[in-house]
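A short write-up of the structure that comes next.
The values are calculated or read from the model by the stated rules, or taken from the named source; none is laboratory data. Because the structure is predicted, anything quoted here is derived from the model rather than measured. Methodologically, a virtual Cβ is constructed for each residue, glycine included, from the backbone with ideal geometry; neighbour enumeration extends over all protein chains shown. The area values use the complete protein model at the heavy-atom level, side chains included, leaving out ligands, DNA and RNA. Shrake-Rupley method; radii C 1.70, N 1.55, O 1.52, S 1.80 Å.
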Protein chains: 2
Amino acid sequence: MTVFTAATATGRKRRGEGHTRRDEILHAAKELFLEQGYDSTTIRKIADRVGISAPALYLYFRDKEALMLALCDQTFGHLIEAIDEIERTVAEPLERVRRFGEAYASFGLTHPDEYRLIFMGAHIPESLRKIGHRMPTDDPTRPGVGGALVFSRLVAILNQVEASGVKLRYPADTCAELCWMGIHGVVAAMIMKPDFPWSNRDLLIEGMLDIVAKGIVREG
Amino acid sequence: MTVFTAATATGRKRRGEGHTRRDEILHAAKELFLEQGYDSTTIRKIADRVGISAPALYLYFRDKEALMLALCDQTFGHLIEAIDEIERTVAEPLERVRRFGEAYASFGLTHPDEYRLIFMGAHIPESLRKIGHRMPTDDPTRPGVGGALVFSRLVAILNQVEASGVKLRYPADTCAELCWMGIHGVVAAMIMKPDFPWSNRDLLIEGMLDIVAKGIVREG
DNA sequence: CAGATAGCTTAACGGCGATAAGTTATCAAC
DNA sequence: GTTGATAACTTATCGCCGTTAAGCTATCTG
């Protein structure tokens with residue numbers, strides 16, 4: 001008779017301990033995801049690693065997409081924390097924009113698979129690609145909104161920039177979009193073509209941040 | 001007894017007419033691709049539309065990826081032509097950069113599925129995602145190099161800018177990469193989130209081109 | 001007319017995400 | 001302690017997918 005708790009025992013979970021199984025699934029999925037990428041991370045492989053049957057996963061996640069989005073939201077928490085830290089320690093709004101960009105790029109290049117899933121549509125289900133579909137950005141309980149959450153933080157920072165008296169070349173939301181698109185372009189390119197002989201990766205990140213920061217403020 | 005030629009007859013092709021079947025496959029694949037996107041464009045559906053069995057496709061294409069890349073190369077020809085036209089009619093190098101950006105964005109938003117396939121990794125096979133993989137950009141006969149071809153044209157234009165006496169803030173290749181990354185960020189974002197309430201799509205494109213054009217030249 | 005072979009077929013393999021239906025262990029209530 | 005509800009999980013299966021193997025047939029060449 002073992003003395004292991006339900007969380008570590010290899011067999012069936014006790015009643016009410018299902019959430020520990022859910023965590024085990026997420027843990028195994030993350031390992032496989034990092035080892036083998038999205039396409040190769042199959043429901044069956046995850047189930048095998050956890051030590052349960054494949055259909056058992058569907059007790060904890062509606063489908064594969066929900067599982068993956070739950071994974072991403074977990075990872076995106078780290079970026080949100082980094083942004084919190086910036087807002088806590090950096091006062092100057094324009095400097096916040098730059099620090100945001102650096103944290104964003106660093107995160108994307110450190111978590112390329114999650115980044116692809118959220119920002120590069122590695123998985124986009126057909127249902128979301130239909131014309132007229134509304135992004136569920138207003139429901140923070142839905143999994144997979146990590147990206148929208150991050151973006152909304154940038155919008156807030158750009159509003160702070162404007163409120164601080166800096167004259168912007170474009171409306172604040174347009175500036176936020178331009179900032180995001182610029183740094184996203186850098187990150188997406190490096191993730192997409194990791195072996196392309198980019199001239200200078202650090203310079204590309206800093207250069208894009210310079211260009212964007214300079215480009216959104218009205219000169220004079 | 002019909003008088004249709006081999007190209008329009010419904011039955012088996014005559015000897016030596018296989019290439020017409022190949023064209024029919026590409027045509028059907030393109031239709032399906034535009035109607036239903038990448039994932040839903042299956043080998044079996046393409047074969048059905050052409051009126052042949054699924055394995056028959058493998059007489060003309062090594063695998064699904066090769067078929068899709070052949071499709072994309074065909075479409076990318078239009079962008080290459082647009083760039084040719086710009087180089088033919090626009091003399092000022094910096095103006096060429098801007099016109100390139102406009103043509104590029106216009107193309108991407110007009111052909112979002114092909115753009116995703118080539119520049120956003122909607123298909124990236126696992127074999128290409130391994131660390132250390134070299135991009136086969138130097139083999140123009142390989143299908144799927146449309147993207148690299150387009151990028152190399154931008155690099156050439158930036159070299160022209162530098163040769164024309166304009167002082168650049170960064171090396172010419174870095175500037176080309178920054179230009180591409182900026183406009184790619186805009187296009188990728190709009191393709192990825194087509195229903196996001198972007199503040200002003202035209203302004204985003206023009207704004208990014210302004211920002212980049214201004215950002216890569218040394219002031220003074 | 002007799003091969004040769006381009007063009008195509010049917011059948012099948014191993015994999016995928018997902019569902020249906022049944023089984024078993026656990027717990028609360030009596 | 002027995003019972004009944006049910007959480008946790010299983011086996012079997014479905015309908016797809018890309019792809020391959022093996023064979024057939026119409027057409028062309030000599």
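A few notes on this one:
- Of all residue pairs spaced 6 or more apart or on separate chains, those with beta-carbon atoms under 9 Å, a first member in the range B:52-66 that is of a type in the set (Phe, Trp, Tyr) and a second member that is within 8 Å of DNA strand D (Cβ to nearest atom) are B:TYR58/B:ILE43; B:TYR60/B:LEU67; B:PHE61/B:LEU67.
- Here B:LYS45 fulfils each of the conditions (1) without any contact (Cβ under 8 Å) to a residue 12 or more places away in the chain; (2) part of a helix (DSSP H, G or I); (3) of a type outside the set (S, T, N, Q) apart from (1).
- Residue in the range B:19-33 that is more than 20 Å from B:MET192 (Cβ to Cβ) and in contact with an Asp or Glu (Cβ under 7 Å, 6 or more places away or on another chain) present: no
- Residues (touching a residue at least 40 places away in the same chain (Cβ under 8 Å) and surrounded by 19 or more Cβ atoms within 10 Å (Cβ to Cβ)) located in the range A:154-177: A:LEU154, A:ILE157, A:LEU158, A:VAL161, A:TYR170, A:CYS175
- The number of residues in the range B:90-109 being buried (at least 22 other Cβ atoms within 10 Å of the Cβ) and touching a strand residue (DSSP E or B) at 6+ places or on another chain (Cβ under 9 Å) comes to 0.
- Residue that is farthest from the other protein chains (Cβ to nearest Cβ), among those in the range B:24-36 that are touching a residue at least 24 places away in the same chain (Cβ under 8 Å) and within 12 Å of DNA strand D (Cβ to nearest atom): B:ALA29
- Test: residue in the range B:63-80 that is modelled with pLDDT of 95 or more and either of a type in the set (Asp, Glu) or part of a loop (DSSP other than H, G, I, E, B) (or both): no
- If you go through the range B:59-73 and keep only what is of a type outside the set (D, E, K, R) and surrounded by 15 or more Cβ atoms within 10 Å (Cβ to Cβ), you end up with B:TYR60, B:PHE61, B:ALA66, B:LEU67, B:MET68, B:LEU69, B:ALA70, B:LEU71, B:CYS72.
- Among residues of the range A:12-23 being without any contact (Cβ under 8 Å) to a residue 12 or more places away in the chain and within 18 Å of A:ALA66 (Cβ to Cβ), the one that is least open to solvent (accessible area, probe 1.4 Å) is A:ASP23.
- The number of residues in the range A:177-209 being within 7 Å of another protein chain (Cβ to nearest Cβ) and assigned to a helix (DSSP H, G or I) comes to 14.
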